[in-house]
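This report refers to the structure that appears directly beneath it.
What follows draws every value from the coordinates through simple rules; no lab data is involved. Remember, predicted model here, so these are calculated numbers, not experimental data. All Cβ positions, glycine included, derive from the backbone under ideal geometry; neighbour counts span all protein chains shown.
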Amino acid sequence: QAVQVLQRCAVICGKLTNLGMVIEWRNYIIMALIQHTFLTQLPVPSNDLECIWSRKDRSVDYAVQVSTLQVLRVVSEYFSLAGASIDQTLFRSCLPFVIVTFSVMASIADAVIRRD
């Protein structure tokens, strides 16, 4: 289910990007969507046995790992492009959330790569 959430987030970001100038605050919406997805919807990887990213009881195919990492790459590109497109004075005020969001993306990517 977590991979489906990532895929839906990427699709919504793509649709918002393609709308162009129709939506005035689209870059803010994209950043808010991705921050909400990573900080509240997806579980952060941990060392628990119940963590969905590092469970040993389920085997994951290489193709699933690659597709998950590709979706993470696309979402991180949308996030960085939206962050570069907004007013920098507002970007500085939300910089801690940006750093935390990128660190959660990196920890999810690390957990997906390390999975057997």
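Between LYS15 and GLN88, the contour length at 0.36 nm per residue exceeds the Cα-Cα span by 23.9 nm.
If you keep only loop residues by DSSP, which trypsin sites (Lys or Arg not before Pro) in the range 58-99 have at most 12 other Cβ atoms within 10 Å of their Cβ?
Details: sites: ARG58, ARG73, ARG92; in loops: ARG58.
Passing sites in the range 58-99 are ARG58.
Helices that extend 18 Å or more along their long axis by alpha-carbon positions and average at least 0.0 on the Kyte-Doolittle scale are, among the DSSP H runs of the chain, 2-18, 62-85, 95-114.
Shown here for the range 1-45: chymotrypsin sites (Phe, Trp or Tyr not before Pro) in loop regions (DSSP other than H, G, I, E, B) with at most 12 other Cβ atoms within 10 Å, namely TRP25.
Mind running the shape call on the chain? Use the C-alpha gyration tensor, a ≥ b ≥ c as the square roots of the eigenvalues: rounded below 1.5 for a/c, prolate if a/b tops b/c, oblate otherwise.
prolate
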